[in-house]
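**Student:** The structure that follows is given in the form of structure tokens.
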Amino acid sequence: MKTRYQDIAAYETKDGSEIRELMHPRLHGDGAQSLAEALVHAGACTALHRHPITEEIYHFTQGGGMMQMDSEEFPVTTGDTVRIPPGTAHRVRNTGNIPMRILCACTPPYSHEDTELLE
């Protein structure tokens, strides 16, 4: 199975980020995980949220800012990778002047039903 970035329509998730599902079982037939690119515009911040079931890995491919996980906040920039255990409250804030791009791997695959807004 192969997908092409330019053929994938973006949508907005519950947390307010713009997402492109690069591979997702619901769309592409793969099984146990999903891979997406999240875009957080300059000056924007995602809503504080958690996924009770899903483990995520974020890999920052462009831009930088601050990441909050539970009560801890720390800087993130291009090349950083962060693991987000299930049930961890988190959000990202783009403090730069270019879009922040994040590759997001999710196991099990991302679902709106497993996304709980905390604000």
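The values are calculated or read from the model by the stated rules, or taken from the named source; none is laboratory data. Since this is a predicted model, take the numbers as computed values, not measurements. Cβ placement follows ideal geometry from the backbone for every residue including glycine, while neighbour counts extend to all protein chains displayed. When the accessible area is computed, the model is the full protein with side chains, heavy atoms only, and any ligands, DNA or RNA have been set aside. Shrake-Rupley method; radii C 1.70, N 1.55, O 1.52, S 1.80 Å.
**Student:** Looking at this structure, is HIS59 in contact with a Lys or Arg (Cβ under 8 Å, 6 or more places away or on another chain) and in contact (Cβ under 8 Å) with a residue 40 or more places away in the chain?
**Tutor:** Against the criterion (in contact with a Lys or Arg (Cβ under 8 Å, 6 or more places away or on another chain) and in contact (Cβ under 8 Å) with a residue 40 or more places away in the chain), HIS59 does not qualify.
**Student:** Looking at segment 107-119 only, could you name the residues that are within 20 Å of HIS41 (Cβ to Cβ) and either surrounded by fewer than 16 Cβ atoms within 10 Å (Cβ to Cβ) or modelled with pLDDT of 95 or more (or both)?
**Tutor:** LEU117, GLU119
**Student:** Oh, and also: If GLU21 meets every condition in (1) on the phi > 0 side of the Ramachandran plot; (2) modelled with pLDDT under 95 apart from one, which number is that one?
**Tutor:** (1)
**Student:** Of the residues in segment 76-106, how many are assigned to a strand (DSSP E or B), open to solvent by 50 Å² or more (accessible area, probe 1.4 Å) and polar (S, T, N, Q)?
**Tutor:** 2
**Student:** Among the residues of segment 1-15, how many are touching a strand residue (DSSP E or B) at 6+ places or on another chain (Cβ under 8 Å) and either open to solvent by 90 Å² or more (accessible area, probe 1.4 Å) or not aliphatic (A, V, I, L, M) (or both)?
**Tutor:** 8
**Student:** Being without any contact (Cβ under 8 Å) to a residue 40 or more places away in the chain, assigned to a strand (DSSP E or B) and more than 21 Å from ILE8 (Cα to Cα), is that true of even one residue in segment 33-51?
**Tutor:** no
**Student:** Residues in segment 33-45: is at least one open to solvent by 10 Å² or more (accessible area, probe 1.4 Å) and hydroxyl-bearing (Ser, Thr, Tyr)?
**Tutor:** The answer is no; no qualifying residue exists.
**Student:** Any idea how many residues of segment 62-71 are of a type in the set (S, T, N, Q) and either in contact (Cβ under 8 Å) with a residue 12 or more places away in the chain or open to solvent by less than 60 Å² (accessible area, probe 1.4 Å) (or both)?
**Tutor:** 2
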